[in-house]
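Notes follow the structure.
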Amino acid sequence: MSVEILKQGAEGRLYLGDFKGEPCLIKERFVKKYRHPELDTQITRQRMKAEAKASGRCLAAGILAPKILHSDLNTHKLYMEYFDKAKTAKQLIQEIVASQAEEQAKKSLLEFCTRIGGIIGKMHSNHIIHGDLTTSNILIDPKGGDYDIVLIDFGLSHYNQATEDKGVDLYVLERALISTHSEQPFLFENILAEYRRTCGKDEQAVLSKFEEVRARGRKRTMIG
Ligand SMILES: Nc1ncnc2c1ncn2[C@@H]1O[C@H](COP(=O)(O)OP(=O)(O)OP(=O)(O)O)[C@@H](O)[C@H]1O
Ligand SMILES: [Mg+2]
């Protein structure tokens, strides 16, 4: 039987399969031979648990994420809802830039950033820290003439009220946008504008933490 592989990497692979007769996506993590076996098992299990927990928390808070259908800690496989028509935010941004006239592209991107900022704000106001916010970990699922935004890849996520962790989450996203979408330097500030409106009462504290993390990042870059 042939399996359709979505992604094959050093860390693991994603492929289409089924759970109790329903089609789903299987995310399998590989054993890392270079790591101590016990430590490797511990890290893998921790990431799988984090992924399942955060997806559930998001869904409970009204934030879209794949439903986790089953988690097999022994074979390191997570069975989850598959969004078959979705593309990543990275792909969408690149398509908008390639296919629309400059003015229109900017307008579409700004609308898109507003949606993303709102969702990240909502996620943080529910104290969910994603841990790896990049445009490859945000899916766009077309819905009629509109689209849904689905957050994925929660292996590095955790639950924490600390403003520091939220600030780091934003910083990771800013770095990812700068490196992946350097031609559109305005994306992050527009995401942040909507984030401020939705992230809740500790908005100011999170933003000052973010500035602090950013300053630390700059210092590190300067030192090398
Ligand atoms: N539930 C899903 N439905 C549709 N496509 C998905 C889904 N989950 C992942 N994908 C696609 O597969 C890609 C890789 O998935 P994911 O980000 O979860 O794995 P990863 O980056 O290899 O994980 P990790 O960083 O935890 O090792 C995504 O960028 C996306 O294109
Ligand atoms: Mg990913």
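The values are calculated or read from the model by the stated rules, or taken from the named source; none is laboratory data. These numbers come from a predicted model, not from an experiment. We place every Cβ from the backbone using ideal geometry, glycine too, and count neighbours over all the protein chains shown. The accessibility values were calculated without ligands, DNA or RNA, using every heavy atom of the protein model including side chains. Shrake-Rupley method; radii C 1.70, N 1.55, O 1.52, S 1.80 Å.
Each row is one residue, and each column tells you yes or no for (1) part of a helix (DSSP H, G or I); (2) within 16 Å of ligand 1 (Cβ to nearest atom); (3) free of Cβ contacts under 8 Å to residues at least 60 places away in the same chain.
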{"residue": "THR135", "(1), (2), (3)": "no, yes, yes"}
{"residue": "ILE178", "(1), (2), (3)": "yes, no, yes"}
{"residue": "GLN184", "(1), (2), (3)": "no, no, no"}
{"residue": "LEU192", "(1), (2), (3)": "yes, no, no"}
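Answer yes or no as to whether ILE68 is within 17 Å of the chain's Cα centre (by Cα), within 16 Å of ligand 1 (Cβ to nearest atom) and open to solvent by less than 40 Å² (accessible area, probe 1.4 Å). Judged against the criteria, ILE68 is not a match.
Run down SER108, SER55 and say which single residue is open to solvent by less than 70 Å² (accessible area, probe 1.4 Å), modelled with pLDDT of 95 or more and within 16 Å of ligand 2 (Cβ to nearest atom). Spell out the reasoning first.
Numbers: SER108 fails: within 16 Å of ligand 2 (Cβ to nearest atom).
Testing whether each residue is open to solvent by less than 70 Å² (accessible area, probe 1.4 Å), modelled with pLDDT of 95 or more and within 16 Å of ligand 2 (Cβ to nearest atom) leaves just SER55.
Filtering the range 188-203 to residues that are at pLDDT below 90 and open to solvent by 100 Å² or more (accessible area, probe 1.4 Å) leaves only LYS201. Against the test of being open to solvent by 10 Å² or more (accessible area, probe 1.4 Å), outside the structural domain of ILE63 (by TED's automatic domain parsing) and closer than 25 Å to THR88 by Cβ, the options ASP141, ASP169 yield a single qualifying residue, ASP141. Taking the criterion of being within 14 Å of ILE119 (Cα to Cα), in contact with a Ser or Thr (Cβ under 8 Å, 6 or more places away or on another chain) and assigned to a helix (DSSP H, G or I), the residues of the range 194-224 that qualify are GLU194, THR198. If the condition is being part of a loop (DSSP other than H, G, I, E, B) and touching a residue at least 24 places away in the same chain (Cβ under 8 Å), then the range 47-83 contributes ALA61, GLY62, ILE63, LEU64, ALA65, PRO66, LEU73, THR75, HIS76, GLU81, TYR82, PHE83.
If you filter the range 126-155 down to residues that are at pLDDT 95 or above and small (Gly, Ala, Ser), you find that the one that is farthest from GLY56 (Cα to Cα) is SER136.
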